[in-house]
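Data first, discussion second: the structure below is written as structure tokens.
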Amino acid sequence: MTRSKSQILLLFFSLSLILLSFLFFLFPPSDPAASSTTHPYPHPRIPPQTSFVASLEHFLTHKALNHRSSDDTVRSLLQDDVRMFDDRKFAKEMDWVHADPYYPLNFPIRVYVYQMPNKFTYNLLWLFRNTYRETSNLTSNGSPVHRLIEQHSIDYWLWADLIAPESERLLKNVVRVHRQEEADLFYVPFFTTISFFLLEKQQCKALYRVFISVDNLGHCILPSDSFQREEALKWVTDQPAWKRSEGRDHIFPIHHPWSFKSVRRYVKNSIWLLPDMDSTGNWYKPGQVSLEKDLILPYVPNVDLCDAKCVSESESKRTILLFFRGRLKRNAGGKIRSKLVTELAGAKDVVIEEGTSGDQGKAAAQKGMRRSIFCLSPAGDTPSSARLFDAIVSGCIPVIISDELELPFEGILDYRK
């Protein structure tokens, strides 16, 4: 057993506090008084970009083009490499402990972001950008990308912020370090949702099983036999830092329940960023996910934020008691929807509608939520649903009907408020 394991639980709690500030990125404060005194953004007059498509376009055309190609690929790994890294890490920790007896409570969390080969990060994003432009599959929020890619795009938002220049970063209470021995946690930049939908559609090999080849123009090239032996999973697990802790201080964004399924058993010790726990066994195997090590992060809302002014203006217009718009027939836990329709049909001031896609569908859902006091939030294919967060940003009180549901930061946030 290595020395790193003794501080993982404390760091895990600290990480939850850090990622809690991510809520302020997705859901900016709507209280004008609070906004006038403190502001979570470095430039209060310039609000951050909250559109995934617009942010990605700006990132690729203005920042990624200046990226200098480099990676942390381990060419050959010996046991001595792991031992030497462990010695360096231990020496650094002892320096911190002797400098401050309250370490690590008084210290910011230091995160090392792995520099994976471009084909896993920049080139994959270029492939996605060039592909979604050609699709006609407009989704319920009006975006020309698959709705599930956008609402599970937290892996992009976190990575883009972590690698941004310090003056531009939003999560100020996390520090990116460039030496692995100085890191408390290691972030692995996998784009799980994008790769799941995009690479399957492009008939590329799964990103986590083989080294696919994606060129700088974002075109997918099937790997030759020589590439078949190279695996992204092996790339991560060959790292000295991984072998030192067996992955316990490594963070994987696995925010879509369909993604990453083929290799989950190999990274079960790591910290997973999830949409929910789903302990029913439909999506995760027993023992794979746990509140002791994993974190639940919110979905990215599909509707626009109703700010303080919007909430004030819409208060008198909220004539609907209970509102729901979405798919009325779902699998697994979502079967409750059809029963709710039967029970609530014809009830006074209750609106239950089948959802539609595209701009009209988004507009109808947004209008309905802003005219309602309560918004029904039943389970989807998993216990959680993006509709919960759509209700929150619409100023509508969510009514959650879902078994086995764990909410993001439930131990810190008081959802009754």
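The values are calculated or read from the model by the stated rules, or taken from the named source; none is laboratory data. Just so you know, these numbers come straight off a predicted model, no measurement behind them. We place every Cβ from the backbone using ideal geometry, glycine too, and count neighbours over all the protein chains shown. Heavy atoms of the whole protein, side chains included, go into the accessibility calculation; ligands, DNA and RNA do not. Shrake-Rupley method; radii C 1.70, N 1.55, O 1.52, S 1.80 Å.
Per-residue surface analysis assigns residue 97 an accessible area of about 50 Å², computed on protein heavy atoms at 1.4 Å probe radius.
Let a ≥ b ≥ c be the square roots of the eigenvalues of the Cα gyration tensor of region 308-406; is it rounded (a/c under 1.5), or, if not, prolate (a/b larger than b/c) or oblate? Intermediate results must be reported in sequence, preceding the final value.
Details: a/c = 1.64, a/b = 1.50, b/c = 1.10.
Prolate is the answer for region 308-406, as a/c is 1.5 or above and a/b outweighs b/c.
Of all lysines in the structure, those lying under 17 Å Cα to Cα from residue 348, and not within fewer than 8 positions of it along the same chain, are 317. Backbone amide hydrogens, once placed in the peptide plane, bring residue 296 within less than 5 Å of 274, 409, excluding anything fewer than 5 places away on its chain. In this structure, the residue pairs whose Cα-Cα separation is over 18 Å, taken from 261/285; 89/293; 234/268; 261/335; 119/234, are 89/293; 261/335. Between amide H atoms placed 1.01 Å from N, distances below 5 Å from residue 177 occur with 111, 112, 113, all of them 5 or more places distant or on a separate chain. Near the amide H of residue 379, within less than 5 Å, lie the amide hydrogens of 401, all on another chain or at least 5 residues away, with H placed in the peptide plane. Considering only 382, 401, 352, the residue lying farthest towards the positive end of the dipole of region 308-406 is 352, judged by Cα position with unit charges set on Cβ.
Given the Cα-Cα distance of residue 291 and residue 88 and 0.36 nm per residue of separation, how much length would full extension add, in nm? Can you show the working numbers first?
Numbers: separation 203, 0.36 × 203 = 73.08 nm, distance 3.06 nm.
Between residue 291 and residue 88, full extension yields an extra 70.0 nm.
Once the chain from residue 68 to residue 414 is taken as fully extended at 0.36 nm per residue, the excess over their C-alpha distance is 120.2 nm. Reducing region 93-126 and region 280-313 to their Cα centroids gives an inter-centroid distance of 24 Å. Multiplying the residue separation of residue 338 and residue 360 by 0.36 nm and subtracting their alpha-carbon distance yields 5.6 nm. Using a 1.4 Å probe on the protein heavy atoms, what percent of the accessible area of region 264-407 belongs to carbon and sulfur? Taking all protein chains in place, region 264-407 shows 51 percent carbon and sulfur surface.
Between residue 262 and residue 311, the C-beta separation translates, for a Förster distance of 41 Å, into a calculated FRET efficiency of about 0.40. When you filter the GluC sites (Glu not before Pro) in region 249-341 for DSSP loop state and at most 12 other Cβ atoms inside 10 Å of their Cβ, you are left with 292.
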